[in-house]
Structure formats: structure tokens, C-alpha cells
Amino acid sequence: LGVAVARLRPGRISRAIWLSAAKLVLGLTAGIVAGRAFGLDPVAFGVLVLQMATPVAVTSYLLAERYEADPDAIAGLVVVSTLMSVATLPITLSFLL
């Protein structure tokens, strides 16, 4: 992942920003809808929503590298979504607590 991050180009970063933002919005929406649909208690609801708001996992990069499915793009997603989570996870937690 470190080598792929070092090779990232600005064009790939802009795409990663949009995809990471979409993943965050869709994840939060899906977590809230599913939590309400299943009538989860507040703790389980908070855990579900928080899990859905987490960044893209490094495992995604490993699978993309293994199956030659544009690992550089996935590296950008991992980096950008992790940086975005520094700001978004505390905000998400403030609404859940």
C-alpha cells in the first residue's frame, strides 16, 4: 500500500475524494435505514451506523492487487477515506451519543 500511495497522481485523488464521500453518505444512509428497519436498541444502532461510516479497508487494496483490479485507485480510496474519517467520525459520534 505504501508504494501505491507514493505513486498516486492528483487526478486519481480527485476521483478518490468523490468516491469516498459517496461511500460515506451511502454508508450512513444504509446504516440508519437498516437500524430503524430492524428496530435496534440505541447501542446496537450506534455501532451499526458507526461501522458503516468507517473508511475503506486496506484489505480492499490487497484484493485489488491480487486480482489486478486497479490497485492504485483503491490505494487512493484508502488514503482519502481514512483522512476524511478523521473529521467525519467525531461528528458522527456526536450525533450518536
**Request:** Considering only region 24-49, state which residues are exposed (fewer than 14 other Cβ atoms within 10 Å of the Cβ) and part of a loop (DSSP other than H, G, I, E, B).
**Result:** 38, 39, 41
**Message:** If I ask for residues that are open to solvent by less than 60 Å² (accessible area, probe 1.4 Å) and more than 12 Å from the chain's Cα centre (by Cα), which ones from region 50-68 would you list?
**Reply:** 61, 64
**Fill in**
Matching residues in region 74-97 (farther than 29 Å from residue 41 by Cβ, of a type outside the set (Val, Ile, Thr) and crowded, with 17+ Cβ neighbours inside 10 Å) number 3
**Message:** Criterion first (in contact (Cβ under 8 Å) with a residue 12 or more places away in the chain and not in a helix (DSSP H, G or I)) does residue 56 satisfy it?
**Reply:** yes
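The values are calculated or read from the model by the stated rules, or taken from the named source; none is laboratory data. Everything numeric in this text was worked out from a predicted model, so none of it was measured. When we count neighbours, we look across all protein chains shown, and the Cβ atoms used for this are built from the backbone with ideal geometry, even at glycine. Accessible surface areas use protein heavy atoms only, side chains included; no ligands, DNA or RNA. Shrake-Rupley method; radii C 1.70, N 1.55, O 1.52, S 1.80 Å.
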